[in-house]
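> The structure follows.
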Amino acid sequence: MSSCPDDRPLAGSHQLTVVLVEDDPPTRDHLAETLTACNGIALLATADTLEAARAACERFLPTVLITDLQLPDGHGTDLIREVRDRYPASEIMVISVLGDEDSVVTAIRAGASGYILKDSEPVDMVEAVHGLIEGRSPISASIARYIIRRVQDGSFKDRKPAPLLTPRETDILWGIAKGFTYNDIADRLGLSRQTVPSYIKNIYRKLEVNSRSEAVYEAIGRKLIQLGE
Amino acid sequence: MAVRLVEALEGRGWLRLLRRPVIGLFYLTVLAVGIGTPLFTLSPPEGGIELDRAMFRPLETLDRPADVPEAAVSLPHSFRVPGAGRFGGGLYRLEFDHSPDDPEQWSVLIPNYSGRILVRVNGALLYDSDWTHSGQIVTLIWPDIIAIPAPLLKAGTNSVEISAVMLFGRQSYLSVIHAGPDSLLRPVYQQHHFLLVILPQLLFRWQFAFSVMLLIVWAVRRSEWSYILYAGILFFNSISNLVVVLPEPLASPLVMQLTNLSFSWVTAMLVPFAFSFVNRRPPRASVLFAAFPVGVTSAFLLLPPGIVHVLNWYVAVPVAWGLSCWALGVLSYAAFRRGSNSAHMVLGATLLSLLMILHEAPILYGSVGKRLFINPFSIPIFMLLSVISTILMWRFAAALNAVDQFNANLRREIADAEAALRISLAREQAQERAIALEAERSRLTRDLHDGIAGQLVSMVALSRRTDAQVGDFGTAARRALVDLRLVIASMAEVGDDPGMMLANFRDHIQPQLRTLGIALDWQMHALPEGAGWSSSTALELFRLLQEATMNAARHSGADRVTIEIRPTDDGIRVVVADKGRGGAADRPGGYGLANMRRRARTIGARLDIVSGPDGTNIILDLPRPTASQ
């Protein structure tokens with residue numbers, strides 16, 4: 001169960017370094033076990049609080065940060081934003097319990113580029129980490145639907161920069177939401193199958209909010225910073 | 001002012017008691033003014049010579065006096081004339097003394113006269129009234145002042161000769177005459193001129209303009225018959241006074257004579273107007289009244305003057321009076337039986353007019369007396385008409401006010417109704433929401449109870465068994481999680497799109513198959529737009545597909561499961577296929593087939609299981625989703 005079934009060749013010649021942030025000990029242990037057992041992935045540290053996570057990131061500069069959202073001393077979104085801001089080269093992956101659209105998209109907007117379910121099978125998790133490094137972001141039908149809806153009803157437009165999606169990107173989201181495979185979507189839109197993931201990555205980038213002013217705005221919105229005192 | 005007062009009385013309860021005394025007072029005032037009118041006179045000039053005696057001789061023609069001796073008469077004086085176009089006239093000779101050391105300009109003032117006059121001083125013709133206006137209207141009286149050129153005045157006795165000529169009518173009239181300095185006489189002349197000439201002209205113009213105005217009102221509101229009838233009355237009455245404003249040379253004598261007949265038009269319209277004025281329906285036969293003026297006019301144009309004259313006096317005038325009395329009757333009924341204030345106003349004005357005319361009528365028919373300082377045949381009629389005009393305008397404005405008020409009320413009522421409707425709608429929506437929420441809540445409770453609760457119970461039971469393995473426990477927990485995810489997926493808000501719903505299932509089943517090392521061949525064909533399934537239908541469908549797919553993955557031995565979704569003629573077909581060993585149908589119970597059939601029945605779908613050596617096809621035909629599901 002804890003072995004990595006897929007001995008894939010390393011991407012480039014270097015190992016992926018990973019920092020894992022998760023406050024529930026059994027889940028953390030399970031995930032850590034899975035990651036450690038896999039070739040090509042080096043788990044550098046695990047953390048159970050925001051504080052510890054910051055320290056670990058500063059110390060290890062991981063290629064991939066895997067983080068839960070609900071942490072005892074704060075919200076994972078803040079960590080994601082900081083890491084995105086300070087170490088832009090790091091890829092960030094969110095661990096979600098049920099993959100609910102709201103927290104996933106919030107994390108994406110903070111700068112995450114992938115998510116995995118907490119009960120994922122080892123195969124899926126490792127594949128997700130590799131996929132992320134290779135520039136593939138996972139997207140489910142429900143997330144695609146959620147993004148379309150939010151972009152259409154203007155929920156994203158109250159803050160700048162507004163993530164305006166191109167018609168093609170919207171078409172791809174619709175295809176995913178309606179249950180078509182990447183092949184089907186590529187055929188219908190006259191694209192090659194390989195370009196579909198890059199479109200999805202692009203959509204992620206558009207949703208991402210990583211300007212400093214935006215972060216301050218968000219912080220004020222969350223009452224982390226108080227003005228006028 | 002009185003209109004305002006009386007109108008106001010209608011409204012308030014405590015003032016209603018005062019109504020009778022106020023109306024009584026109103027009529028008393030009218031009577032007093034009417035009877036007392038002759039007492040109002042203009043003061044004579046403060047100087048000059050008053051000539052109240054004259055020597056009189058009838059005239060045979062304009063230039064030839066009758067061969068009879070002169071008779072001394074006192075002024076004012078009237079004489080009987082044959083009338084109806086036949087010549088009738090008289091020559092008045094008066095004398096006054098003039099002292100030569102008076103350097104002032106002298107004039108002769110004739111304050112009132114009727115008909116045509118020619119004035120000679122010391123034998124020189126100074127004035128002919130035909131130079132300025134028509135002398136043919138019997139009812140009109142005129143003032144005139146004639147300046148005497150200085151060379152004409154002699155020291156000592158000077159003579160004034162006035163030839164009075166009447167063509168139409170019975171009776172000539174000449175008032176007291178004044179001779180004296182122009183500066184003393186002219187202000188008095190101006191007063192008479194204003195009252196006898198200017199005022200009627202003003203009223204004429206006002207009346208004419210008002211007639212046009214009413215015509216416009218009627219043109220826009222055709223149902224207001226009183227407006228057009230009254231416009232007609234005003235118009236024809238104005239016509240009858242055309243001579244006041246129109247110099248004779250501008251119109252042919254025929255037109256002038258025709259205007260004399262306008263009384264027939266006016267009286268023909270009186271009765272229908274009186275009816276509509278008091279808000280009653282005029283008799284249908286009112287149209288026949290038109291025969292009256294038409295008859296009068298044709299008689300005038302076709303018959304010889306003598307007969308016309310007789311017909312006029314013995315038929316037309318009585319008919320006119322009859323019609324007027326009928327109209328008065330209608331008004332009186334409305335005033336005294338129905339308490340109509342406006343009818344009271346009109347009756348009062350009528351009474352005043354009649355009283356004034358009564359003063360003058362005897363003079364027209366031969367008696368001798370001083371005439372009123374105003375023209376009794378135009379001023380009171382104008383006054384009466386003005387009262388009616390005022391009332392009509394008042395009504396018009398009041399109607400506009402009523403419309404405004406009605407609008408305001410309507411707007412308020414609509415706003416109220418809207419507010420009430422909004423509240424009831426909000427309540428209804430809240431109720432609907434509550435019902436929907438309740439239904440969803442109970443469904444969710446049932447779904448969780450059917451699925452995860454049972455699995456948790458089974459896990460608890462498992463934990464009590466001594467021989468339980470950790471793996472069994474994990475499997476049970478995983479199954480519970482899978483079902484929980486299905487419940488959540490079934491609740492996804494996908495609008496009306498079955499494709500989106502099935503896409504959720506794909507996201508859900510793909511990781512499970514990958515765990516088992518089975519490839520998923522997902523073939524989604526474009527589905528027609530249509531109503532989606534309800535959450536409960538979606539959940540049953542998901543559970544059915546979950547079972548079918550996992551059966552294929554676990555038991556068929558194939559390493560690939562195909563799920564194909566395509567539209568059919570009457571719905572959607574979902575096929576879960578494998579190329580495994582088949583035999584699914586042969587093992588009832590083992591595959592949970594009974595369970596799948598039950599679920600298919602629940603959502604109204606047809607389930608076919610084709611299982612053979614080439615593999616198993618689970619074919620699910622879903623009816624076209626409708627909103628009611």
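The values are calculated or read from the model by the stated rules, or taken from the named source; none is laboratory data. Only a predicted model underlies this, so the values are computations on that prediction, with no experimental measurement involved. Please note: Cβ atoms are built from the backbone with ideal geometry, for glycine as well, and neighbour counts cover all protein chains shown. Side chains included, ligands, DNA and RNA excluded: accessible areas come from the protein's heavy atoms. Shrake-Rupley method; radii C 1.70, N 1.55, O 1.52, S 1.80 Å.
> For the protein assembly as shown, what does the helix formula give at 222 nm: sum of -39500 (n - 2.57) over DSSP H segments with n ≥ 4, over the residue count, nearest 500 deg cm²/dmol?
Helix-only estimate at 222 nm: -16500 deg cm²/dmol.
> Enumerate the residues in region B:492-529 having an amide nitrogen under 16 Å from the point lying 7 Å beyond the Cα of residue B:579 toward its Cβ.
Inside the label zone: B:518-523.
> Please calculate how many Å² of accessible area region B:375-458 carries per residue, with a 1.4 Å probe and no DNA, RNA or ligand atoms counted.
66
> Let me ask something else about it. How much net charge surrounds residue B:480 when only the other residues with a Cβ under 15 Å from the Cβ of residue B:480 are counted, with Lys and Arg +1 and Asp and Glu -1?
In short, 0.
> In Å², rounded to the nearest 100, what is the total accessible surface buried by chains A and B against each other with a 1.4 Å probe?
That pair hides around 1800 Å² of surface in total.
> Moving on. Hey, which aspartates and glutamates would be in cross-link range of residue B:154, C-alpha to C-alpha under 17 Å, not counting anything within fewer than 8 residues on its own chain?
Correct list for residue B:154: B:95, B:97, B:101, B:102, B:104, B:182.
> Applying 1/(1 + (r/R0)^6) with R0 = 45 Å to the Cβ-Cβ distance of residue B:291 and residue B:42, what FRET efficiency is obtained, to the nearest 0.05?
0.55
> May I pose another question? For helix B:454-464, what angle does its Cα long axis make with the longest principal axis of chain B, in degrees from 0 to 90 and rounded to 10?
30
> Rounded, prolate or oblate for chain B? Axes are the square roots of the Cα gyration tensor eigenvalues, ordered a ≥ b ≥ c, and the cut-off for rounded is a/c under 1.5.
Prolate shape, in that a/c is at least 1.5 and a/b is the bigger ratio.
> What net charge is computed for the residues neighbouring residue B:418, neighbours being all others with C-beta under 14 Å from the C-beta of residue B:418, Lys and Arg scored +1, Asp and Glu -1?
Counting the neighbours of residue B:418, the net charge comes to +1.
> If Lys and Arg each add +1 and Asp and Glu each add -1, what is the summed charge of the other residues whose beta carbon sits under 12 Å from the beta carbon of residue B:520?
Working: positive: B:506, B:514, B:560; negative: B:507, B:521, B:559, B:564, B:578.
Net of charged neighbours comes to -2.
> Please give the FRET efficiency for residue B:159 paired with residue B:212, using the beta carbon to beta carbon distance and R0 = 56 Å, rounded to the nearest 0.05.
Efficiency for this residue pair is about 0.65.
> Only Cα pairs under 8 Å and at least 6 apart count here; give the relative contact order of chain B as a rounded whole percent.
Working: 945 pairs, mean separation 61.2, N = 629.
Averaging sequence separation for qualifying contacts and normalising by length gives 10 percent for chain B.
> Let a ≥ b ≥ c be the square roots of the eigenvalues of the Cα gyration tensor of region A:16-133; is it rounded (a/c under 1.5), or, if not, prolate (a/b larger than b/c) or oblate?
The shape class here is rounded.
> For a Förster distance of 35 Å, can you work out the FRET efficiency between the beta-carbons of residue A:61 and residue B:519, rounded to the nearest 0.05?
0.40
> Once you place label points 7 Å from the Cα toward the Cβ at residue B:419 and residue B:64, how far apart are they in nm?
Those two pseudo-labels are separated by 9.6 nm.
> Quick check: at a probe of 1.4 Å, how many percent of the accessible area of region B:49-193 sits on carbon and sulfur atoms?
53
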